[in-house]
Amino acid sequence: MKITRLSDLADAALCRRLVVKVGSSLLVGKDGVRRAWLEGLVAEIAAARAGGQEVIVVSSGAIALGAAKLGLDKGGRGSLADAQAAAAVGQIALSGLWAELLSAHGVTAAQLLLTLEDLEDRRRYLNATATLTRLLDAGAVPVINENDSVATQEIRFGDNDRLAARVAQAAQANAVLLLSDVDGLFDRNPAEPGAMLLPEVRGVTAEVHAMATGGSSSGMGSGGMTSKLQAAEIAERAGIALAIASGLYDAPIARASAEGIGTLFLPRRKDAGRKAWLGGRLRLKGALVIDAGAARALAKGSSLLAAGVIRVEGEFQRGDAVAIRSEAGETLAHGLAEYDALECARLMGHNSAEHAALLGYAPRSAVVHRDQMVVL
C-alpha cells in the first residue's frame, strides 16, 4: 500500500512514520513564540502517536529566537557570526519549548542537531539512522534542527526543507509534511491573478521547477519553494511521499489531511538504501561529462567506462561522490569514483585495453561502477 492522497498522511496503516517540518515564521511571530499555535500542533502530534504513528519533528526557529534574545538585527542573519551566536542561544529555548509542550502529553522529546556532513558521510548517516530508530522504538519524538552554531557554508544544508527530506530518508519514513507559509505549489506566483494550487505532482520536472519562486514570503526562514522542490526530489527517489501545506492555521496537520489542502508529491520509485543515499546527496566533489553513447549505456544499467568520458570537472579522490552529466549539462547520475580526477582525465576517451599502459598499473573495470551509481 502506498500514499496516494493527503488524507493518507493521517492513516497509521499507510503512514507509520511521518516527518513534520515546521518553518521559522510559524514558530516565531513579531511578538515572539506563537505558543498557542504550537500547543495545537503538539496536540496533533500527540494524537498521531496515540493513533499508532511515529513522528519526527524538524524544527526551525533557533536563530529567530536567539536573535530576539540577543537583540540582533535582520533576525540574526546579518552575518554568519550572528547566525551562529543566535542559534547557540535560541537552540536552548527551542528544545526546551518542544520538551515542555510534548511532556504535557506524556511524550518525551529528544534533540538532534545535524549538519550536511552528518548525512552526506555514509558512516555518520548510518549512525543517525540507528539513533533515530532507537529513539522512535523507545517512544520518543526526535526534534531535529540544523546545527547552525557550528555549520559553516561548506557543511550546511542552508534550509530545513532538504534536511527534513534527508532525515526522512535516514529514518525510512513514509512521508514528509513541510508546514510553511504557503498552501502548496501553485502553477505560477500565487500573488498573480488566476494562480492555481496543484493538489498533486508526479515527478519534479524542469516545468515544475519553473513554477517555483525563490524566497520565503516571511523573510524569516531560509527556504523558499525551490528548496521544497529539491526536498521533494530527494524524497521521491527514496519512495517517500512529500507534502507542502500551510501552517498559518490552527491544527495544520488536520487541515492538510482532512480537508486536502496542500500539494502532494508522489514518490517515483524506491531505491535501495545506499542508492537512495547517493541519489539524495546535495554536495558532490566533481563531475564527469559523458558522450551520448555512454549516456545510453547508463540508462540500460551499465557501468561508466572511461571511453565515454569527454570532460572531467573538479578535484576529487577515489571514493568521492561525483555527478555524471550529459554534454547538454543534464545530471544523469550520481556515483562514487573509482579513480581520482587526474587519473580520470588521463583515461578519458581511451578504451580499457589502453588503461594499464596509461596508468602503469592494472586498472579497475570502470570509472564509476554500476553498483556504486544511481541513475536519476
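The values are calculated or read from the model by the stated rules, or taken from the named source; none is laboratory data. Remember, it's a predicted structure, so these values are computed and weren't measured experimentally. Virtual Cβ from ideal backbone geometry, glycine too; neighbours counted across all protein chains shown.
Structure values in brief
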| item | result |
| --- | --- |
| All strands (runs of 3 or more DSSP E) inside the stretch 285-346 with 1 or more residues being within 21 Å of ASP371 (Cβ to Cβ), without any contact (Cβ under 8 Å) to a residue 40 or more places away in the chain and out of contact with any Asp or Glu (no Cβ under 8 Å at 6 or more places or on another chain) | 321-325 |
| Matching residues in the stretch 317-360 - criterion: being buried (at least 19 other Cβ atoms within 10 Å of the Cβ), among the small types (Gly, Ala, Ser) and within 22 Å of GLU233 (Cβ to Cβ) | ALA321, ALA323, ALA333, GLY335 |
| Qualifying position, being at pLDDT 95 or above, more than 25 Å from the chain's Cα centre (by Cα) and crowded, with 19+ Cβ neighbours inside 10 Å, among ALA306, ALA297, ALA292 | ALA306 |
| Enumeration of residues in the stretch 23-70 that are loosely packed, with under 15 Cβ neighbours inside 10 Å and at positive phi | GLY32, GLY52 |
| Residue identified as at pLDDT below 90, among the hydroxyl-bearing types (Ser, Thr, Tyr) and buried (at least 20 other Cβ atoms within 10 Å of the Cβ) among SER217, SER222 | SER222 |
| The stretch 102-154, residues that are of a type in the set (Val, Ile, Thr), at pLDDT below 90 and either loosely packed, with under 15 Cβ neighbours inside 10 Å or under 26 Å from GLN53 (Cα atoms) (or both) | VAL150, THR152 |
| Residue within the stretch 236-256 that is modelled with pLDDT under 95, in a helix (DSSP H, G or I) and over 25 Å from GLU44 (Cα atoms) present | yes |
| Tally of residues being more than 28 Å from THR133 (Cβ to Cβ) and either not polar (S, T, N, Q) or not assigned by TED's automatic domain parsing to the domain that holds SER103 (or both) across the stretch 21-62 | 12 |
